[in-house]
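The values are calculated or read from the model by the stated rules, or taken from the named source; none is laboratory data. Here the structure is a predicted model, which is why all the values come from computation and not from measurement. Note that we place each Cβ from the backbone using ideal geometry, even for glycine, and neighbour counts take in every protein chain shown. Ligands, DNA and RNA are excluded from the accessible area calculation, which covers all protein heavy atoms including side chains. Shrake-Rupley method; radii C 1.70, N 1.55, O 1.52, S 1.80 Å.
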Amino acid sequence: MKEFDDSINSIRVLSIGYISSRFPFDVITKASEISFVVPIGNCFHLLGVDKLNTHYTSPTQASKIKCVRAYGTKKFITNCKEKILIWENDTIVGQLEGHSAGVIDMLLMSHVLMTLSKNNELFIWDLNSGQRYSSLSGIESFGKVTTMLHPRGYYNKVLLGNKDGEMSIWNINTKKQVYRFAGWGSPIVSMEQSPAQDIIAVGLEDGSVHLHDIRHDKSVTVFRQRGSVTSMSFRTDGVKAHLATASRSGVVSIWDLDTRKLFYSFTAHSSTVARAYFLAGEPIMVTNGSDNAVRVWTFHNIDIYKPLLLRERTGHDVPPHATQFFDTDGRAGTVISTSDKGPRMLSVNISHINVPFSHNKIKLGEGNDHLLAANPANYRTMNCIATAHGSNLVLWSFVRMAVDGDKNIRLNARISALGMSACGNSAYVGTTTGDLECYNVQSGTKRASVRIEPAGSVNGIVVDATGRYVVTCASNKHINIWSSTLKPIASFVLESPQTMLVQHLESGMFACAGEDGIVRVYDMETRELARKFNIGHYVVDMTFNHDGRWLIVAARGDATVRIYDIPSGLMVDWFTTRSPVTSISFSPRGEFLATTHADELGVYLWSNQMHFGTILLSRPGETAPMLDLPTVQADGEKGADGVETHADINTAKEKDRTIATGDEDEKKQQELEDNKGVPQLDVQDVDHDTIPSAAYGDQDPASSQQIGRLVTMTTLPKSKWETLLDLDLIKERNKPLNIAEKPKLAPFFITSTGGVNPTFLTPEQLKEKDQKEKENISTNGKKKNAEQELNGWGDWATPGDDNDDDEQENGNDIAALSKVLGKFNPIKIVKSKFLQLLEAGYKSKNKDYSNLLNLIKEMTPSAIDYEIRNVNHIEMDIHYMVDFLVQLMRGNNDFDLVQTLTTHFLRVHGNLLMTSEYSSSLVELKQSQKSGWSHLQNVFQANICMLRYFTNTLQ
């Protein structure tokens, strides 16, 4: 059994609020479905154009992704420093090596890939063989290459643009330059193929766009915009001839190619537009930018209306500096994070719920670090979120997702501390000049104010659960305790200026951090020092966990996050990240720790392994392990190949976070004695992280490898195996109530009577006529048969007739037939594929029934029922079937499917199994069933007992 030296076991979980980086996306078209692969930091995710939902998210790689290309519909190609990685869904299936510097651009032409590095290396790769085909060795004479394009119709040719504003066409087979264009004297930053074969749009750094005819080497027209041309795209729906150009200021310009004038210009993003792309044959444009946003624009009726924003996915466009969980009765897993642009609501469960709070025309200004106060107690009826921007206190409504009217309160000095009462009615504000003020969050009215003595900046405010006490810390080294009306109650002086104050409402403890790097924990009721932790570095942020047993501290000096156990007074875990932590928050239910980081636009969540399983605590290592930031959140929807996928929420643990253990059996026995017989789950029983996801490909890890003594449910739809249990009832229910009878056809000729005046027969007459005809036929037949019998009687009974020859002839025929039949083997029963795999699995060396199980998973419930009923008791099929069920039960895989198969098998062949011939097989099946269920039953009973004990529901 493996033990981990961490309590929170900082395993990366997911990142929320990260939508797009400053690098362009690529397009995947599969039938009528269009998706975009968007790079985000060290990973990429797949967005559907319909709703911009995250269909798929890749695991993180070693470096940031600067260029990504879609290879077909299932594979992706990304740069990773000097390497090129080839992905198939979430698995790296290959890598290309050879560059001596980082790869900055890639050009994909069918199975040929061209890669460009920082030191101007241009390699050509064959993706089918995975080998480097060649390189353009003469590229040094052309200069520094900035962009590449394959012109349509120019086979084996590539168009290169350089830093001097020149273009040249190269033949990748001969590795020679075919033609070199004069250029324009400004670096070429983008090129785009137009619908016309020989016309290329060339974007320069000075803002000019040249539509150049590369066949005749002349410019057709020139457009000019403000700023460098970062991206271009032609509209191809046939309604308008438009060219879209993007800039670093976030402006997208639409040019009319017929009039050769600017048609419309609008701000698509608040910063650089990485790419603007018109969907093929659609009046729809997709843009992404460095402001952490992906937007879809529609150009329907553009003659009357400007381009309309169809849908968008956005996040913080500047790094957030404060975050807090905001779980309400209807919104579990909600996170509020704030930046200089205001707060946003993020969802832990659904990635596309990422909504900014609207501040109308209020100028927020620069946000104050860590100043976010939120209380969901009365979020439906009053303002429940407060943020500070300079000297402005802004109150927000969670229901309206906006500033509540004119609730923008301006103070006389810069705000340095915020706090909110437990009831949510009052907000307390501290300033750098030592002022402490109380405001009603509903009306914005000031209720009380006081100035601390001696003068100093108020750096922390907390309010106890009853609302009686307000505690403040300041740069004057004082901890002050006030009444709710800001009347002084108590005060004590510490050794250094205090920079931060946090509390745990339920336990009544609060912690303050000083500039000397020491964190002190006090009891609010007794005002006594409970614990003292020497961090040794300036504390950036800290928080209590949900039950108040842990104190999590983020330090600036060594960029670490430390977890202290308050009852024992020991540090139980710590870790560090490449990007320093700026704020932290613990979820009210204890599942996650949320962090924000410098220069990172997302909010990152880390799992609390103590919440999800049993973790044995031990002393942490001498150095904090370096952990990568979590991957980005996905919704578990269809991936690129149409298969449901999920985000890589748990990746491999750091190797240095494991320690050696002794004998497993002895420790398990000791645990059982220490726990008084209550069954405990081993760490290895619940440890998914030690199994890399790449080992399974597209399969579910649970279906490929069993985890300890736990059972694994089948991945089949629930309706499939449940239908087998009620198949008879379903067939009976689906029978028609009234069987439709075929209508009687009218005769082609209607019978009539003879005579001078013929008439049609009535139904009674017709019936009578038919009866008479039947009687005549019967009478004539009997007479004929009697005559035949009499006529043949004399011949048959003629005396002296000898039949010896006939008898001898018949005997010879029988002998000949016996000889013919003797040449053939006895008739054998032809077995179905089900029975053949059943017999083969039983006779295999390790009794491997995997092929049969896979066949059953592909069969319909009716087919499974048919095969089970056809199990032959004359041969050994019954014994084979019992052994098949026994082996599956012992493996604990596909638990619910195996139980269904067992139930149906016993229901069909139960009477036969009760005979003495199958008594031993039935006993073996019973024991396997009991051993598989007993472990789960013990765990369930232990959990129920513990729940009843802690919730006082014992009866």
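Worth pointing out:
- All of Asp164, Asp126 fail the test of being in the same structural domain as Ile188 (by the TED database), over 40 Å from the mean Cα position of the chain (by Cα) and acidic (Asp, Glu), apart from Asp164.
- Residue among Lys118, Lys144 that is under 28 Å from Met232 (Cα atoms), in contact with a Lys or Arg (Cβ under 6 Å, 6 or more places away or on another chain), surrounded by fewer than 18 Cβ atoms within 10 Å (Cβ to Cβ) and basic (Lys, Arg): Lys144
- Taking the range 222-307 as the region of interest, the strands (runs of 3 or more DSSP E) fully inside it that hold 3 or more residues being under 19 Å from Ser190 (Cα atoms) are 229-234, 242-247, 251-256, 273-278, 284-289.
- Meets criteria (within 17 Å of Tyr849 (Cβ to Cβ), modelled with pLDDT under 85 and surrounded by 12 or more Cβ atoms within 10 Å (Cβ to Cβ)) for Glu924: yes
- Condition met for Ile304 (modelled with pLDDT under 85, more than 25 Å from Glu192 (Cα to Cα) and either touching a His at 6+ places or on another chain (Cβ under 9 Å) or of a type in the set (A, V, I, L, M) (or both)): yes
- Look at (1) assigned to a strand (DSSP E or B); (2) open to solvent by less than 30 Å² (accessible area, probe 1.4 Å) and you find that Thr582 fails only one, number (2).
- Residues in the range 863-890 that are closer than 19 Å to Met713 by Cα and open to solvent by 30 Å² or more (accessible area, probe 1.4 Å) were compared, and the one that is modelled with the lowest pLDDT is Arg890.
- Of Ile563, Ile535, all but one fail to be within 30 Å of the chain's Cα centre (by Cα), among the aliphatic types (A, V, I, L, M) and modelled with pLDDT of 90 or more; the exception is Ile563.
- For the range 862-875, filtering for residues that are touching a residue at least 40 places away in the same chain (Cβ under 8 Å) and assigned to a helix (DSSP H, G or I) leaves 4.
- One residue stands out in the range 168-225 among those that are more than 28 Å from Gly250 (Cα to Cα), of a type in the set (Val, Ile, Thr) and free of Cβ contacts under 8 Å to residues at least 60 places away in the same chain: the one that is surrounded by the most Cβ atoms within 10 Å (Cβ to Cβ), namely Ile169.
- Scan of the range 100-111 for residues that are touching an Asp or Glu at 6+ places or on another chain (Cβ under 7 Å) and either open to solvent by 50 Å² or more (accessible area, probe 1.4 Å) or within 13 Å of Ser135 (Cβ to Cβ) (or both), ordered by number: Ser100, His111
- Considering (1) β-branched (Val, Ile, Thr); (2) out of contact with any His (no Cβ under 7 Å at 6 or more places or on another chain); (3) under 23 Å from Ser583 (Cβ atoms); (4) at pLDDT below 90, the lone condition that Val429 does not fulfil carries the number (4).
- Among residues of the range 46-68, those that are closer than 20 Å to Ser579 by Cβ and crowded, with 24+ Cβ neighbours inside 10 Å, counted: 2
- Qualifying position, being under 34 Å from the mean Cα position of the chain (by Cα), within 18 Å of Leu724 (Cβ to Cβ) and surrounded by 13 or more Cβ atoms within 10 Å (Cβ to Cβ), among Thr860, Thr900: Thr900
- Any pair with Cβ under 6 angstrom, 6 or more apart, that starts in the range 900-929 at a residue that is more than 21 Å from Thr860 (Cβ to Cβ) and ends at one that is open to solvent by 50 Å² or more (accessible area, probe 1.4 Å) and of a type in the set (Lys, Arg): Ser928/Arg890
- Selection count, the range 840-861, where residues are closer than 21 Å to Thr900 by Cα and assigned to a helix (DSSP H, G or I): 12
- Residues that are more than 31 Å from the chain's Cα centre (by Cα) and without any contact (Cβ under 8 Å) to a residue 40 or more places away in the chain, drawn from the range 839-857: Ala840, Lys843, Ser844, Lys845, Asn846, Asp848, Tyr849, Leu852
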